[in-house]
Amino acid sequence: MNKTVPEFISIDLKKSLKYLLCGQLNASDFVHMKRNIDMYVLIIVKRGILNITIEDRQFKVGQNEMILLPAFMWHQGYRDADTGGKVVYFWVHFFLNNDFLYDKPCGSDTRLNIFMKLTNAARANILCTQLMDVSRTTPVDNAYCSFLLDALVCELSFQAKNTLVSVNKTVNNAADWIRLHITEPISLDDTADALGYNKRYLARVFMENMGVSVNKYIESGKMELAKNILVYSDESIHSIAAAIGYEDAGYFMRVFKKNENMTCREYRSAYSKINMNKI
């Protein structure tokens, strides 16, 4: 009999997590093996799509989305017409003791969703990269790795809470359109025109619901994408600028430095590229 897949896990971070191993998988033709193990696996997809089932429930985990594979539940990959098995994802294995609850809040209020789209992929990816960096040079049971895993779970929990906030349908539509066209040279005007909204109305409701302007939201999305490309590729700065919709590479570099307080090259050198699995 298949087990019921929970929607989230509530964790007491003071007792629950025990880090085991982490890494990154780069694959051009990947289907996850079928297995049932005694540890939890957290996966954050950086590029491509991971098709995977937990018990009898199917998931399509895309770029900047995460999935948690619970211990003692069957999981395996599958193929479909939409995906070709090309995927890059961060993974971390860890144990939980008995101080956690499925689908119920607990006193710690640290909630780790089984599946969700990240609201700030760059922040989560930085923690993933730091954890991989530290894991290469320290013993497995080093407290530093456990601390970084706790920080990553706290970040994902924080983002999970943000996804529960009610957002105006107009804003959702605008945010989805922006994400689909983030590599293009888009603006508030383009977004409003594409969706048939009044520009002033869109600007107002977007700010009220999201706390940032449409143009700032676009800029932040481009910066997240740029940071991923900087860390996980050898593309030139000019190529990256063009890939995310900036015709002027010099302007892109100024915007990047304004947002990150460091240059593109400084950011790339600060976060090393790690490939622990290649299939």
Condition (residue is under 22 Å from residue 146 (Cα atoms) and of a type in the set (Gly, Ala, Ser)) applied to region 45-58: is it met by at least one residue?
no
Please tell me if residue 18 is part of a strand (DSSP E or B), over 18 Å from the mean Cα position of the chain (by Cα) and not hydroxyl-bearing (Ser, Thr, Tyr).
yes
So the helices (runs of 4 or more DSSP H) completely within region 156-228 holding 3 or more residues that are modelled with pLDDT of 90 or more and farther than 26 Å from residue 243 by Cα are 199-210
Please go through (1) within 15 Å of the chain's Cα centre (by Cα); (2) of a type outside the set (Gly, Ala, Ser); (3) farther than 20 Å from residue 12 by Cα for residue 82 and return the number of the only condition it doesn't satisfy.
(1)
Inspect all residues belonging to region 69-76 and state whether any of them is surrounded by 18 or more Cβ atoms within 10 Å (Cβ to Cβ) and at pLDDT below 90.
no
Any residue at all in region 130-142 that's under 19 Å from the mean Cα position of the chain (by Cα), over 25 Å from residue 62 (Cβ atoms) and modelled with pLDDT of 85 or more?
yes
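Okay, residues lined up against (1) surrounded by 15 or more Cβ atoms within 10 Å (Cβ to Cβ); (2) in contact (Cβ under 8 Å) with a residue 12 or more places away in the chain; (3) touching a Lys or Arg at 6+ places or on another chain (Cβ under 8 Å):
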{"residue": "149", "(1), (2), (3)": "yes, yes, no"}
{"residue": "153", "(1), (2), (3)": "yes, yes, no"}
{"residue": "156", "(1), (2), (3)": "yes, yes, no"}
{"residue": "173", "(1), (2), (3)": "yes, yes, no"}
{"residue": "176", "(1), (2), (3)": "no, no, no"}
{"residue": "180", "(1), (2), (3)": "no, no, no"}
{"residue": "185", "(1), (2), (3)": "no, yes, no"}
{"residue": "204", "(1), (2), (3)": "no, no, no"}
Please count how many residues of region 226-254 are surrounded by fewer than 17 Cβ atoms within 10 Å (Cβ to Cβ), under 22 Å from the mean Cα position of the chain (by Cα) and not small (Gly, Ala, Ser).
2
Report, ordered by the first and then the second residue, all pairs with beta carbons closer than 7 Å, sequence separation of six or more or different chains, a first member in region 74-85 that is closer than 12 Å to residue 60 by Cα, and a second member that is of a type in the set (Asp, Glu) and part of a loop (DSSP other than H, G, I, E, B).
85/29
Region 255-269 - residue that is surrounded by 15 or more Cβ atoms within 10 Å (Cβ to Cβ) and among the hydrophobic types (A, V, I, L, M, F, W, C) and, of those, nearest to residue 128 (Cα to Cα)
264
Mind listing whichever residues of region 6-41 are at pLDDT 90 or above and of a type in the set (D, E, K, R)?
34, 35, 38
The condition from (1) assigned by TED's automatic domain parsing to the domain that holds residue 147; (2) part of a loop (DSSP other than H, G, I, E, B); (3) among the basic types (Lys, Arg) that residue 3 misses is numbered (1)
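The values are calculated or read from the model by the stated rules, or taken from the named source; none is laboratory data. None of the values given here were measured: they were computed from a predicted structure. Note that we place each Cβ from the backbone using ideal geometry, even for glycine, and neighbour counts take in every protein chain shown.
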